[in-house]
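The values are calculated or read from the model by the stated rules, or taken from the named source; none is laboratory data. Since the model is a prediction, treat every value here as computed from it, not as a measurement. Note: ideal-geometry Cβ built from the backbone for every residue, glycine included; neighbour counts use all protein chains shown. Quick note on the areas: whole protein, heavy atoms, side chains included, nothing else; ligands and nucleic acids left out. Shrake-Rupley method; radii C 1.70, N 1.55, O 1.52, S 1.80 Å.
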Amino acid sequence: MSNGGVPSLKDVCDTILTICKSAPEGVPQDMLTKRCMADLHMVAMGINQLLANHRIKVYNNARGQLVYKFSAQEEAHKFKGLNADELLVYQTIEDSKNKGIWTRDLKQRCNLQQPQILKILKVLEGRRLVKSVKCVTKKNRKVYMVYDMEPSREVTG
């Protein structure tokens, strides 16, 4: 705590990280605000700083709430230098698990144009974050999945 019992931004960030580490399923923002013992503006600044540094990730849970999850330092390093659209495409691909996702579905879910999607995919493939896999069921279709993911039998045959 810094001046007069008011927590500093670093204190708030540390508290948010501790709370997120203790809840792997994610922490809703209202719970973060209550547990941080800081005003809403300070908590928002802490969340934004941690998101910008890739120390936490934001997701929608089953009830449609925004939840924040801890992101390990090694994982944060992988995403350093990616812009918001690239992160959005990566998270959408990550959500597709081992089935992968087609570029048209990426375009619809991310609300981005086809050339922009292709450019982002090229960047993500270059950084070995995602890979393309030929789909057996639909010959002319490539699906994208996280680089370390093993494709499902539906995709590879």
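Some observations on this one:
- Shape category assigned to region 22-114 from the gyration tensor of Cα positions, a/c cut at 1.5: prolate
- Debye, to nearest 20: dipole size of the chain, +1 on Lys, Arg Cβ, -1 on Asp, Glu Cβ: 880 debye
- When P(r) over Cα pairs in 10 Å bins from 0, in percent is calculated for this entry, the matching label among (1) 8, 23, 26, 20, 12, 6, 3, 1, 0; (2) 10, 33, 30, 18, 7, 2, 0; (3) 9, 21, 18, 14, 11, 10, 8, 4, 2, 1, 1, 0 is (2).
- Accessible area (Å², 1.4 Å probe, nearest 10) - Cys36: 10 Å²
- With every protein chain in place and a 1.4 angstrom probe, the accessible-area ranking of Thr156, Thr18, largest first, reads Thr18, Thr156.
- Normalised by the number of residues in the chain, the average gap of Cα pairs under 8 Å and 6 or more apart makes the relative contact order 16 percent.
- Mean Cα-pair separation over length for region 46-85, i.e. relative contact order, pairs under 8 Å, 6 or more apart, %: 34 percent
- The loop-placed GluC sites (Glu not before Pro) in region 8-105, going by DSSP, that have at most 12 neighbouring Cβ atoms within 10 Å of their Cβ come out as Glu25.
- 10 Å Cβ shell holding at most 11 others, DSSP loop, trypsin sites (Lys or Arg not before Pro): longest site-free stretch of the chain: 1-62
- Dipole-positive endmost among Leu66, Ile117, Gly26 within the chain (Cβ charges, Cα centre): Ile117
- Only the Cβ atoms of Lys and Arg (+1) and of Asp and Glu (-1) were treated as charged; on that basis the dipole of region 64-126 about its Cα centre amounts to roughly 180 debye.
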